[in-house]
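The values are calculated or read from the model by the stated rules, or taken from the named source; none is laboratory data. Since the model is a prediction, treat every value here as computed from it, not as a measurement. Ideal geometry is used to build each Cβ from the backbone, glycine not excepted, and the neighbour counts take in all protein chains shown. The protein model used for the area step is the full one, side chains on, heavy atoms only, and it has no ligands, DNA or RNA in it. Shrake-Rupley method; radii C 1.70, N 1.55, O 1.52, S 1.80 Å.
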Amino acid sequence: MRLNQLTLQNFRNYSELQLEFSPGLNLFLGPNAQGKTNLLEAINVLAMTKSHRTSQERSLIQWGKDFARVTGEVQKENQKYQLEVLLTKKGRKVKVNHLEQRRLSDYIGHLNVILFSPEDLSLIKGGPANRRRFLDMEIGQTDVRYLYESVQYQKILRQRNHFLKQAQAGKRADLLFLDVLSEQLAVAGAVMVVRRLAFLQQLGTLAEQIHTKVTGQKEELAFAYQSSLGTALTGADQEAIKGMLLTQLKEKTPAELIRGTTLAGPHRDDFLFLINGQNVQTYGSQGQQRTAILSIKLAEIEWIKEQVGEYPILLLDDVMSELDHARQFQLLETIEGKVQTFLTTTELDYLTPYLTVTPKIFRMNQGKVESEREEIDRRES
Ligand SMILES: Nc1ncnc2c1ncn2[C@@H]1O[C@H](COP(=O)(O)OP(=O)(O)OP(=O)(O)O)[C@@H](O)[C@H]1O
Ligand SMILES: [Mg+2]
């Protein structure tokens, strides 16, 4: 799939902007603080309805304005879609072909994106919440059922935590009601766990192959899901997982009533990155961690293709300068010619030797595009 064009209104430092993209490589070039990342963020918002940089939607709206609008035309093999995300201080509205979609799960999936930025290192270095967000975002963008159940799960979880807080504060607790919430939580939770396990298994197979290649056969990469259910998960089906979750919630209820919060379920799960069997988070060097992230991103591209039949678009924010020559080459070689790519950079010179396709270059200057070029100056050649 690809993004043919993008229109912004009051989005961050862009008052009005309309861009037409190349189906291949698009370069956003310019000094710091000109709005390069803001553009990638806008594309991410168009795909996911959310920013990867902030959970505060207001900060996406241009200072002093009431709303921000991002629209774009997505081209799939046999179809075109017009997507729109409108952000106001009261909330957001999303449209597909000018029709408002009330459910997130009816909107997400029209445009699949993979984003790769230096902050992705937090996937390894950061806390479990980073990895859960990764699972939820990536699975959710191809799997409507997962998206629906995870939204349900969060709703039930909030209700259940509210109930436990009240009980903790000494209010009378109707334990039958707690049972109902536990049952609902276990049902949605089991769907999530089953799909997360399948995702990690599929992504793991792809990432392992890629990582072996990227590291010249030196390293083997694997994922290990971490859940309060432990090894009991191995081979268990959805019904069995639901049963186990429910049992665990019942066992933990006395502790939950004291602590005022839900103590088991996928909202507390995590996963590990293992290189040659060792946890990268604890033992990996900075370079190994970066390479593991690169392998995961490349694996995700293939995973989306397997799931939806088309390649996603790829957003690369400032990542080239962080990779060594071999890895830069690997990355570009993998994507060139098959994945529409949007790449931000402050310098063009160091990139030029790696490019085998002609990029479309957008020179950014303070929220405006100064020039668009289809050519680069190949002085060396
Ligand atoms: N809500 C907003 N309204 C107006 N301007 C904003 C808003 N949010 C951010 N900005 C401006 O956007 C600019 C940052 O843009 P961005 O992060 O895209 O820069 P960049 O080109 O990626 O820079 P770098 O090369 O340093 O990564 C900031 O200078 C900031 O002033
Ligand atoms: Mg930036």
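Kindly list, by first and then second residue, each pair from a residue in the stretch 65-88 that is in contact (Cβ under 8 Å) with a residue 40 or more places away in the chain to a residue that is basic (Lys, Arg), limited to pairs with Cβ atoms under 6 Å and residues at least 6 apart or on different chains. Between residues of the stretch 65-88 that are in contact (Cβ under 8 Å) with a residue 40 or more places away in the chain and residues that are basic (Lys, Arg), the close pairs are 75/2.
Given the condition under 28 Å from residue 303 (Cβ atoms), within 16 Å of ligand 1 (Cβ to nearest atom) and open to solvent by 50 Å² or more (accessible area, probe 1.4 Å), answer yes or no: does some residue in the stretch 32-48 qualify?
Just the residues of the stretch 32-48 that are under 28 Å from residue 303 (Cβ atoms), to begin with: 36-48.
Those still in the list that are within 16 Å of ligand 1 (Cβ to nearest atom) too: 36-46.
Pick out the ones that are also open to solvent by 50 Å² or more (accessible area, probe 1.4 Å) and you get none.
No, the stretch 32-48 has no match at all.
Grab the strands (runs of 3 or more DSSP E) fully contained in the stretch 1-101, keeping just those with 1 or more residues being of a type in the set (D, E, K, R) and away from ligand 2 (no atom under 16 Å from the Cβ).
Details: elements: 2-11, 14-20, 25-29, 67-75, 80-88, 91-96, 99-101.
Strands (runs of 3 or more DSSP E) meeting the threshold: 2-11, 14-20, 67-75, 80-88, 91-96, 99-101.
Here residue 60 meets each of (1) open to solvent by 20 Å² or more (accessible area, probe 1.4 Å); (2) near ligand 1 (Cβ under 8 Å from one of its atoms) with one exception, condition (1). Within the set of pairs 6+ apart or on separate chains, which have a first residue in the stretch 307-323 that is polar (S, T, N, Q), a second that is away from ligand 1 (no atom under 13 Å from the Cβ), and C-beta atoms under 8 Å apart? Correct list of pairs: 307/142; 307/143; 321/350. Only a single criterion out of (1) aliphatic (A, V, I, L, M); (2) farther than 11 Å from residue 30 by Cα; (3) open to solvent by 10 Å² or more (accessible area, probe 1.4 Å) is not satisfied by residue 348, namely (2). Restricting the first member to the stretch 4-27 and to residues that are over 18 Å from residue 73 (Cβ atoms) and at pLDDT 95 or above, and the second to residues that are open to solvent by 30 Å² or more (accessible area, probe 1.4 Å) and part of a strand (DSSP E or B), the beta-carbon pairs closer than 8 Å and six or more apart or on different chains are 10/67; 10/69; 15/9.
Kindly indicate whether residue 20 is among the acidic types (Asp, Glu), open to solvent by 40 Å² or more (accessible area, probe 1.4 Å) and away from ligand 1 (no atom under 16 Å from the Cβ). Criteria met by residue 20. The strands (runs of 3 or more DSSP E) found entirely in the stretch 339-378 that carry 1 or more residues being among the charged types (D, E, K, R) and either modelled with pLDDT under 90 or more than 29 Å from residue 306 (Cβ to Cβ) (or both) are 360-365, 368-373.
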